[in-house]
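Novice: Below is one structure. I have some questions about it.
The values are calculated or read from the model by the stated rules, or taken from the named source; none is laboratory data. Just so it is clear, the model here is predicted, and its values are computed rather than measured. Here the Cβ positions follow ideal geometry from the backbone for every residue, glycine too, while neighbour counts run over all protein chains shown.
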Amino acid sequence: PATLPGAAFDAIIIGAGFAGLYQMHKLRDGLGLSVQGLEAGSDVGGTWYWNRYPGARCDSESYYYSFSFSDELQQEWDWSERYPEHHEIRRYLGHVAEKFDLRRSFRFDTRVAAARYDAAQNLWHVTTQSGETLSTRYLITAIGCLSSANVPAIPGLDSFAGQWVHTGRWPAEGVDFTGKRVGLIGTGSTGIQATPVIAAQAAHLTVFQRTANYSIPARNGPVSLEFRREVKANYAAIREQARAAPNGHPFVFGQQSPLDLDEEERRARYEAGWEQGGLRFRSIFRDLLVNRAANDTASDFIRGKIREVVKDPATAEKLTPRDHPFATKRPPIDSFYFETFNRENVDLVDIKATPIEAITPDGIQTTDRKIPLDVIVFATGFDAMTGALLAIDIEGRDGIKLKDAWAAGPVTYLGLQVAGFPNLFTITGPGSPSVLTNMPVAIEQHVDWISACITHLRDNGLATIEAEPEAAEKWVAHVNEAAAATLLPQANSSWYLGANVPGKPRVFMPYAGGMARYAGICAEVAARGYDGFRLTP
Ligand code: NA7
């Protein structure tokens with residue numbers, strides 16, 4: 001492999017989504033470091049570069065799914081809808097890249113294949129898929145938690161004569177469903193967003209459901225001028241509220257339990273939450289994620305709504321979730337998902353009752369019938385949190401491979417560093433609260449922390465920072481303890497647990513102790529001189 005002349009950078013950042021863009025700005029413009037960004041896509045956008053499927057939009061509301069670090073930026077940008085659609089988020093990130101002149105520091109169409117720590121030189125050697133090697137002191141991964149597509153190994157997929165696509169690798173030119181018979185596999189957030197939009201275009205849509213899911217109406221709509229003005233006038237307070245919240249959303253959680261109320265009042269609250277829509281529904285009461293009896297009241301309320309909306313009782317029954325309590329898997333929000341099953345051109349196949357046996361040249365064969373299809377859409381999710389990191393062949397000190405260090409599940413300290421991998425920082429890594437949080441809040445905190453850490457190393461003439469193995473083990477124990485204090489581990493098939501990917505170790509990966517609490521812990525660690533990290537001169 002050719003080494004670029006003089007290519008020892010201070011930092012290499014992998015990824016040009018929210019995390020990579022902000023990290024670039026902080027290190028290059030804030031600290032004046034020489035930084036190279038590497039990005040597999042052809043432009044900035046990250047998650048939103050790849051997820052262009054019909055109906056793809058963010059479940060956080062636009063006014064707070066955005067950067068807070070620049071007041072000028074938040075004052076000048078106008079969102080058009082309550083929940084931003086994928087192309088609007090790409091436009092926003094494109095605007096951020098323009099405004100801070102970030103594109104010139106990234107190489108696009110450049111996928112990183114490997115990274116190896118060289119102790120003698122205290123450098124990371126980063127090799128791209130095309131065989132180039134670049135060297136750097138700090139290596140920062142900003143590669144997303146939901147970026148490694150999970151395409152199930154169904155026999156016969158190669159023989160399919162029609163088109164198949166995974167929602168997380170959607171072709172930029174789009175897919176035309178007009179007049180087509182479409183099969184969609186998967187009913188997580190993605191399948192639930194895509195179903196109504198595809199149904200409206202296709203000749204026929206068959207939804208293949210493995211696990212029935214809860215979903216709350218998003219109540220999407222245009223943002224009024226008035227609302228925009230109010231938000232802009234109050235941005236500082238909104239951001240502060242988001243940072244102080246357990247999940248990075250600027251909501252006030254209800255202080256009551258549904259169990260404190262009588263049936264009528266409880267129902268009235270749920271109805272109000274249902275009308276308000278989106279992830280706000282979950283915050284009506286304080287204990288839905290920690291008390292099973294409280295959760296049952298919410299789960300039952302949603303089951304009742306499904307029965308009200310879906311006209312055919314047999315279909316309604318199949319759509320009714322019974323395998324997990326509400327919100328123990330990431331709760332989807334939708335625009336007319338359940339209503340879509342009242343359409344003439346939509347069918348639901350329960351593949352728990354009648355599993356898919358094979359894909360044939362002309363469709364999908366289940367145990368009881370053959371469904372002819374022109375297009376198959378895999379809304380089957382991601383090898384979350386660890387998939388994208390392990391897709392890079394990362395080798396730390398003494399030849400340890402990340403995949404071996406994590407054979408029994410990911411072990412990080414604060415989700416930010418791995419013992420044995422000096423000067424490697426993993427933004428939104430496993431063990432961080434990022435995926436349980438409104439993502440930009442988590443990302444800004446991680447990037448600020450990493451940037452302050454690098455400043456500390458530079459100012460004190462320190463060569464390396466590396467997590468202590470004991471600190472990482474303790475952190476993993478704390479992550480498990482935090483999950484065990486909630487109902488989250490009760491969902492058997494959740495991607496939080498890695499359960500959606502066959503053979504993946506079952507470990508609860510995100511930190512469920514809350515974003516604000518996590519940020520506090522990170523700040524204390526730094527204040528105590530990077531407690532739990534080994535710093536070497
Ligand atoms: P999810 O939430 O992981 O959902 C994937 C869906 O695909 C889910 O219904 C799965 O069923 C189903 N699935 C996965 N593998 C298979 C196989 N082999 N056969 C049939 N069905 C399968 O991914 P999304 O893309 O919807 O959402 C990811 C995140 O993006 C979301 O949580 C938000 O944070 C944004 P299962 O439930 O495992 O039985």
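Novice: For the subset of region 482-520 comprising residues that are more than 14 Å from the ligand (Cβ to nearest atom) and among the aromatic types (Phe, Trp, Tyr), which member is farthest from the chain's Cα centre (by Cα)?
Specialist: Within region 482-520, the match that is farthest from the chain's Cα centre (by Cα) is 518.
Novice: Hey, another quick one. Within region 497-504, can one find any residue that is free of Cβ contacts under 8 Å to residues at least 40 places away in the same chain, surrounded by 15 or more Cβ atoms within 10 Å (Cβ to Cβ), in a helix (DSSP H, G or I) and not hydroxyl-bearing (Ser, Thr, Tyr)?
Specialist: Scanning region 497-504, I find at least one residue that is free of Cβ contacts under 8 Å to residues at least 40 places away in the same chain, surrounded by 15 or more Cβ atoms within 10 Å (Cβ to Cβ), in a helix (DSSP H, G or I) and not hydroxyl-bearing (Ser, Thr, Tyr), so the answer is yes.
Novice: Sticking with this structure for a sec: When the residues of region 332-360 are narrowed to those that are small (Gly, Ala, Ser) and touching a residue at least 40 places away in the same chain (Cβ under 8 Å), which ends up surrounded by the most Cβ atoms within 10 Å (Cβ to Cβ)? Walk me through how you get there before you give the answer.
Specialist: Filtering region 332-360 for residues small (Gly, Ala, Ser) gives 335, 353, 358.
Adding the requirement that they be touching a residue at least 40 places away in the same chain (Cβ under 8 Å) leaves 335, 358.
Details: 335: 21, 358: 14.
Selected residue: 335.
Novice: Also, quick follow-up: Scan region 226-247 and tell me whether some residue there is within 13 Å of the ligand (Cβ to nearest atom) and surrounded by 19 or more Cβ atoms within 10 Å (Cβ to Cβ).
Specialist: Among the residues of region 226-247, at least one is within 13 Å of the ligand (Cβ to nearest atom) and surrounded by 19 or more Cβ atoms within 10 Å (Cβ to Cβ), which makes the answer yes.
Novice: Condition first: within 23 Å of residue 273 (Cβ to Cβ) and more than 8 Å from the ligand (Cβ to nearest atom). Now tell me which residues in region 196-215 satisfy that.
Specialist: Initial filter on region 196-215 (within 23 Å of residue 273 (Cβ to Cβ)): 196, 212-215.
Selection gives 196, 212, 214, 215.
Novice: In region 327-346, which residues are over 30 Å from residue 294 (Cα atoms) and under 29 Å from the mean Cα position of the chain (by Cα)? Spell out how you get there, then give the answer.
Specialist: Step one: filter region 327-346 for residues over 30 Å from residue 294 (Cα atoms), giving 342-346.
Listed by number, the list holds a single entry, 346.
Novice: Shifting gears a bit: Picking from 129, 75, 163, which residue would you name as being closer than 30 Å to residue 364 by Cα and touching a Lys or Arg at 6+ places or on another chain (Cβ under 9 Å)? It would help to see each step written out before you state the result.
Specialist: Working: 129 fails: closer than 30 Å to residue 364 by Cα; 75 fails: closer than 30 Å to residue 364 by Cα.
Result of the check over 129, 75, 163: 163.
Novice: Please go through region 361-397 and give me each residue that is away from the ligand (no atom under 16 Å from the Cβ), surrounded by fewer than 20 Cβ atoms within 10 Å (Cβ to Cβ) and within 26 Å of residue 178 (Cα to Cα), ordered by number.
Specialist: Those that are away from the ligand (no atom under 16 Å from the Cβ), surrounded by fewer than 20 Cβ atoms within 10 Å (Cβ to Cβ) and within 26 Å of residue 178 (Cα to Cα): 361, 362, 369, 370, 372, 374.
Novice: Hey, among the residues in region 136-166 that are over 14 Å from residue 379 (Cα atoms) and in contact with a Gly (Cβ under 9 Å, 6 or more places away or on another chain), which one's nearest to the ligand (Cβ to nearest atom)?
Specialist: Result: 145.
So that you can scan it fast, the table gives a plain yes or no per residue for (1) assigned to a strand (DSSP E or B); (2) at pLDDT 95 or above:
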residue	(1), (2)
110	no, yes
114	yes, yes
121	no, no
127	yes, yes
137	yes, yes
140	yes, yes
144	no, yes
151	no, yes
155	no, yes
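Novice: If residue 329 satisfies all but one of (1) under 27 Å from residue 258 (Cα atoms); (2) out of contact with any Leu (no Cβ under 9 Å at 6 or more places or on another chain); (3) of a type outside the set (S, T, N, Q); (4) buried (at least 20 other Cβ atoms within 10 Å of the Cβ), what's the number of the condition it fails?
Specialist: Exception for residue 329: condition (2).
Novice: Step by step: first the residues of region 281-302, then only those that are out of contact with any Gly (no Cβ under 7 Å at 6 or more places or on another chain) and under 15 Å from residue 217 (Cβ atoms), then the one that is surrounded by the most Cβ atoms within 10 Å (Cβ to Cβ). Which residue is that?
Specialist: Taking region 281-302 as the starting set, the residues that turn out to be out of contact with any Gly (no Cβ under 7 Å at 6 or more places or on another chain) are 282, 287-302.
Those still in the list that are under 15 Å from residue 217 (Cβ atoms) too: 282, 298, 301-302.
Working: 282: 20, 298: 25, 301: 20, 302: 22.
Per the stated criteria, the residue is 298.
Novice: Residue pairs, Cβ under 9 Å, 6 or more apart or interchain, first in region 71-99 and within 14 Å of residue 18 (Cβ to Cβ), second of a type in the set (Val, Ile, Thr) and in a loop (DSSP other than H, G, I, E, B). List them.
Specialist: Qualifying pairs under 9 Å: 90/44; 93/44; 94/44; 96/44; 97/44.
Novice: Sticking with this structure for a sec: Looking at the structure I just gave you, is residue 68 modelled with pLDDT of 95 or more, touching a Phe, Trp or Tyr at 6+ places or on another chain (Cβ under 6 Å), assigned to a loop (DSSP other than H, G, I, E, B) and of a type outside the set (A, V, I, L, M)?
Specialist: Working: modelled with pLDDT of 95 or more: yes; touching a Phe, Trp or Tyr at 6+ places or on another chain (Cβ under 6 Å): no; assigned to a loop (DSSP other than H, G, I, E, B): yes; of a type outside the set (A, V, I, L, M): yes.
When the stated conditions are applied, residue 68 does not pass them.
Novice: Select from region 172-183 the residues that are assigned to a loop (DSSP other than H, G, I, E, B) and either among the polar types (S, T, N, Q) or in contact (Cβ under 8 Å) with a residue 60 or more places away in the chain (or both) and list them in ascending order. First the steps, then the outcome.
Specialist: Narrowing region 172-183 to residues assigned to a loop (DSSP other than H, G, I, E, B): 172-177, 179-180.
Hits for region 172-183 are 172, 174, 175, 177, 180.
Novice: Quick one: how many residues across region 398-417 are closer than 20 Å to residue 127 by Cα and either modelled with pLDDT under 95 or surrounded by 21 or more Cβ atoms within 10 Å (Cβ to Cβ) (or both)?
Specialist: Looking only at region 398-417, we keep the residues that are closer than 20 Å to residue 127 by Cα, and these are 398-404.
Those still in the list that are either modelled with pLDDT under 95 or surrounded by 21 or more Cβ atoms within 10 Å (Cβ to Cβ) (or both) too: 402.
Going through region 398-417 one residue at a time, the tally reaches 1.
Novice: Does region 217-235 contain any residue that is among the aliphatic types (A, V, I, L, M), modelled with pLDDT of 95 or more, in a helix (DSSP H, G or I) and in contact with a Gly (Cβ under 6 Å, 6 or more places away or on another chain)?
Specialist: Just the residues of region 217-235 that are among the aliphatic types (A, V, I, L, M), to begin with: 218, 223, 225, 231, 233.
Keeping just the survivors that are modelled with pLDDT of 95 or more gives 218, 223, 225, 231, 233.
Imposing the further condition that a residue be in a helix (DSSP H, G or I) reduces the set to 225, 231, 233.
Filter once more, keeping what is in contact with a Gly (Cβ under 6 Å, 6 or more places away or on another chain): none.
So far as region 217-235 goes, no, none of its residues is among the aliphatic types (A, V, I, L, M), modelled with pLDDT of 95 or more, in a helix (DSSP H, G or I) and in contact with a Gly (Cβ under 6 Å, 6 or more places away or on another chain).
Novice: Next up: Can you give me the ranges of the helices (runs of 4 or more DSSP H) entirely in region 278-347 with at least 3 residues that are out of contact with any Ser or Thr (no Cβ under 6 Å at 6 or more places or on another chain)? Working first, answer last.
Specialist: Details: elements: 292-309, 313-319, 337-340.
Where helices (runs of 4 or more DSSP H) fall fully within region 278-347 and carry at least 3 residues being out of contact with any Ser or Thr (no Cβ under 6 Å at 6 or more places or on another chain), they are 292-309, 313-319.
Novice: In addition: Mind checking whether some residue in region 183-193 is more than 13 Å from the ligand (Cβ to nearest atom) and buried (at least 20 other Cβ atoms within 10 Å of the Cβ)?
Specialist: Of all residues in region 183-193, those more than 13 Å from the ligand (Cβ to nearest atom) come to none.
Scanning region 183-193 turns up no residue that is more than 13 Å from the ligand (Cβ to nearest atom) and buried (at least 20 other Cβ atoms within 10 Å of the Cβ).
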